[in-house]
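Here the structure is laid out as structure tokens; the discussion comes afterwards.
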Amino acid sequence: AGGGQSLGLIRSARPCVTAALAEDTGRPTLVITARIDSANNLAEQLLAWAPGLRVLTYAEPNPIFYQRSAWGPGSTRARLQVLAELVTGSAPDTVVVASARGLMQRTLPRDTLLTNSIKLEHNGRVPGGQPDRLLHRWVQMGYGAVTVVTAPGTFSRRGGILDIFPM
């Protein structure tokens with residue numbers, strides 16, 4: 001809508017109304033903004049109005065949508081975090097704030113995300129008791145083997161100990 005208003009709502013009232021609607025629905029809520037800076041600003045304001053909400057920002061990729069450049073690891077990780085939380089349904093009072101450009105980029109289908117997700121517990125045992133199969137699966141998922149794990153998307157094996165830094 002023109003004049004800086006949406007649905008007859010002045011700009012300063014949007015965070016308060018959005019927070020109230022998100023709390024009342026008890027379901028994940030998507031809020032779309034024009035730019036990523038507006039999304040970040042709105043996310044901060046939502047937390048002020050409703051501290052109990054889980055507010056996630058759906059990141060934009062670094063390159064412009066028509067460029068054939070690799071995305072930064074931070075963007076990929078932030079987007080995967082949002083998608084994983086939505087797929088698991090573990091947080092019903094979640095608000096996802098995204099820019100229009102961030103939503104223009106295709107993402108993983110739900111089934112692909114679920115198929116390529118592995119739940120591991122801190123200091124837990126390898127599912128199925130076969131570390132070699134788990135390492136092979138991580139490589140197929142795009143993880144890289146390193147000596148010391150310091151970055152997202154990497155793993156290392158030292159004897160019977162596996163270290164992984166999730167995407």
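Worth pointing out:
- Matching residues in segment 143-167 - criterion: being among the small types (Gly, Ala, Ser) and open to solvent by 50 Å² or more (accessible area, probe 1.4 Å): Ala145, Gly159, Gly160
- Residue within segment 112-120 that is part of a loop (DSSP other than H, G, I, E, B), at pLDDT 80 or above, exposed (fewer than 15 other Cβ atoms within 10 Å of the Cβ) and out of contact with any His (no Cβ under 7 Å at 6 or more places or on another chain) present: no
- As a summary of the residue check, Val82 satisfies the conditions (1) farther than 26 Å from Arg14 by Cβ; (2) part of a helix (DSSP H, G or I) except for the one numbered (1).
- Filter result for the condition that a residue is crowded, with 18+ Cβ neighbours inside 10 Å, modelled with pLDDT of 85 or more and not polar (S, T, N, Q), over Ala39, Ala48: Ala39
- Long-range neighbours under 9 Å by Cβ, at least six apart or interchain, first residue more than 18 Å from Ala78 (Cβ to Cβ) within segment 144-158, second basic (Lys, Arg) and surrounded by 12 or more Cβ atoms within 10 Å (Cβ to Cβ): Ala145/Arg157
- Qualifying positions in segment 41-58 - more than 13 Å from Val96 (Cβ to Cβ) and either in contact (Cβ under 8 Å) with a residue 24 or more places away in the chain or among the basic types (Lys, Arg) (or both): Gln45, Ala48, Trp49, Ala50, Gly52
- Annotation for segment 149-163: no member residue is on the phi > 0 side of the Ramachandran plot and polar (S, T, N, Q).
- Residue among Arg125, Arg137, Arg101, Arg133 that alone is among the charged types (D, E, K, R), in a loop (DSSP other than H, G, I, E, B) and either without any contact (Cβ under 8 Å) to a residue 24 or more places away in the chain or out of contact with any Gly (no Cβ under 7 Å at 6 or more places or on another chain) (or both): Arg125
- Residue check, Gly144 at pLDDT below 80, small (Gly, Ala, Ser) and out of contact with any helix residue (DSSP H, G or I) (no Cβ under 7 Å at 6 or more places or on another chain): no
The values are calculated or read from the model by the stated rules, or taken from the named source; none is laboratory data. Just so you know, these numbers come straight off a predicted model, no measurement behind them. Backbone-built Cβ (ideal geometry, glycine too); neighbour counts: all protein chains shown. Side chains are part of the model used for accessible areas, which takes the heavy atoms of the whole protein and leaves out ligands, DNA and RNA. Shrake-Rupley method; radii C 1.70, N 1.55, O 1.52, S 1.80 Å.
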